[in-house]
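Undergrad: Dumping the structure here so I can ask a few things about it.
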Amino acid sequence: MTTATVASIWRYPVKSMMGEELNACEVTVKGLLGDRAYGVIDNETGKLANAKNPKKWPNMFQYRAKYIDQPQKDAAIPPVRITFPDGRWVDSIDEKKDNLLSESFNRTVQLSSPSAMDVQFEGYIPEEIEELDNKGTVFTRTSPENTFFDIDFVHIITTSTINYLRKLAPDSRIEPRRFRPNIIIEVPNVEAFVENDWVGKTLTVGDVQLKISQETKRCVMTTLAQGDLPKDPNVLRSIVRNNAGSLGVYASVVKPGSIKIGDTIEIG
């Protein structure tokens, strides 16, 4: 395979809100330092606010989150600033944050950090995708202990897959941000769902080693409006029809370290 390199790095300080693009980042045993370090909890259900259930949380992607100071290795996670859809913002150290978030979401919520207690989140299976089972229903899943992740700690997609899906769905705007990756890998001169072949393998990125655990089954989030990207059910429909609903892969961290844009990647 032609040399693969890190094209882009993304971190999402608050679960299901817009995140930050980085030039470099520390990678810990629980993923990119500062990734999903905060989440919004629905006080009524105790579950995590999540764009996977747009029936309940229709505007998650209109909230933006960024760190006030950069997270540092072996230090407490710094405060985060959340910008609301109407342009107002609040810092996580502000005593009024939960009241302001509750008012904005029109639900009683609180900003939280992961704890040892199990936290669940809901997902909605869209009715308009004929090929999906249990259309129009809501499912519940549990995050890995002491995290706000869905399944595993690092989410990876490739430019190869993005370019291939663009050919398969020429009428849709296929952009990496629809899929909320942590690492986008440039794989030149290949157009295919190349990540499918990486499951069970180890990726060495800089001094970091990542074990690919499974393909990423996509959900309704990929279809939602996001910034200038329109709502588009055809994105998920195309993934279901052409790759059994998977795009990208999840990975666990075998060896922590640091990564940066341009790092070459070894697959073994």
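Where a number appears in this text, it was derived from the coordinates with a stated rule and is not lab data. Because the structure is a prediction, the values reported are computed rather than measured. Backbone-built Cβ (ideal geometry, glycine too); neighbour counts: all protein chains shown.
Undergrad: Quick one: what are the phi-derived ³J(HN,Hα) couplings along segment 76-86, Karplus 6.51/-1.76/1.60 with θ = phi - 60°, whole Hz, x for glycine and proline?
TA: Whole-Hz 3J(HN,Hα) from phi for segment 76-86: 5, 5, x, x, 10, 10, 10, 9, 7, x, 8.
Undergrad: Work out the length of the dipole vector of the chain about its Cα centre, built from +1 on the beta-carbon of each Lys and Arg and -1 on the beta-carbon of each Asp and Glu, and round it to the nearest 20 debye.
TA: Here the size comes out at about 220 debye.
Undergrad: Here is a further query. Got a sec? How would ASP232, ASP94, ASP35 order by Cβ neighbour count within 10 Å, fewest to most?
TA: ASP94, ASP232, ASP35
Undergrad: Run the paramagnetic zone check for ASN59: 7 angstrom along Cα to Cβ, then residues of segment 67-108 with backbone nitrogen under 11 Å.
TA: Only 84-88, 101-107 fall inside the zone, counting backbone N under 11 Å.
Undergrad: How would SER172, SER115 line up from fewest to most surrounding beta-carbon atoms within 10 angstrom?
TA: SER115, SER172
Undergrad: Over its Cα atoms, what ratio of radius of gyration to 2.2 N^0.38 Å does segment 68-173 give?
TA: Rounded to two decimals, the normalised Rg is 1.44.
Undergrad: So what is the relative contact order for the chain, in percent, with contacts set as C-alpha pairs under 8 Å and at least six apart?
TA: Relative contact order comes out at 24 percent.
Undergrad: Further question: Distance from the Cα centre of segment 101-150 to that of segment 194-257, in angstrom?
TA: About 18 Å separates the Cα centre of segment 101-150 from the one of segment 194-257.
Undergrad: Give me the distance in nm between label points sitting 7 Å out from Cα along the Cα-to-Cβ direction at LYS96 and VAL199, one decimal.
TA: Calculated label separation equals 5.0 nm.
Undergrad: Mind putting together the pair-distance distribution for segment 1-82? All Cα pairs, 5 Å bins, whole percent per bin, short to long.
TA: 3, 14, 22, 20, 16, 12, 7, 3, 1, 0, 0
Undergrad: Another question, then. Going by Cα centres, segment 1-70 and segment 74-89 are how many Å apart?
TA: 12
Undergrad: While we're looking at this one, here's another question. Sort out the exposed loop GluC sites (Glu not before Pro) in the chain (DSSP loop, at most 10 other Cβ within 10 Å) and tell me the longest stretch that has none.
TA: In the chain, the maximal stretch lacking such sites is 131-268.
Undergrad: For segment 130-195, what D do you get in µm² per second when you plug the Kirkwood radius from alpha-carbon pairs into Stokes-Einstein at 20 °C and 1.002 mPa s?
TA: D, rounded to a whole number, is 150 µm²/s.
Undergrad: Longer than 24 Å from Cα to Cα, which of LYS55/LYS217; LYS30/LYS231; LYS15/LYS73; LYS30/LYS52 are they? Say none if no pair is. Intermediate values should be presented prior to the final figure.
TA: Values: LYS55/LYS217 20 Å; LYS30/LYS231 31 Å; LYS15/LYS73 20 Å; LYS30/LYS52 22 Å.
Listed pairs above 24 Å: LYS30/LYS231.
Undergrad: So, one more: Please compute P(r) over all alpha-carbon pairs of the chain, binned at 10 Å starting from zero, and give each bin as a whole-number percent.
TA: Distribution as computed: 7, 30, 37, 22, 4, 0 percent.
Undergrad: Okay, moving on. Using Cα pairs closer than 8 Å and at least 6 residues apart in sequence, work out the relative contact order for segment 164-268, in percent.
TA: The normalised contact order for segment 164-268 reaches 34 percent.
Undergrad: Count the DSSP beta bridges whose two residues both fall in the chain, then state the antiparallel fraction as a percent rounded to the nearest 5.
TA: If we restrict to bridges inside the chain, about 90 percent are antiparallel.
Undergrad: Considering all alpha-carbon pairs of segment 207-247, what whole percent are spaced by more than 14 angstrom? Write out the running numbers ahead of the final one.
TA: Numbers: 443 of 820 pairs.
Looking at segment 207-247, the distances longer than 14 Å represent 54 percent of pairs.
Undergrad: Sticking with this structure for a sec: Under 1.5 on a/c is rounded, so check that first for segment 110-268, then, if it is not, pick prolate when a/b is larger than b/c and oblate when it is not; a ≥ b ≥ c are the square roots of the alpha carbon gyration tensor eigenvalues.
TA: Values: a/c = 1.82, a/b = 1.10, b/c = 1.65.
Since a/c reaches 1.5 but b/c is at least a/b, the shape of segment 110-268 is classed as oblate.
Undergrad: If you don't mind, there's one more thing I want to ask. Could you line up LYS255, LYS97 from fewest to most neighbouring Cβ atoms inside 10 Å? All intermediate terms of the calculation are to be shown ahead of the outcome.
TA: Working: LYS255 14, LYS97 18.
Exposure proxy ranking, most exposed first: LYS255, LYS97.
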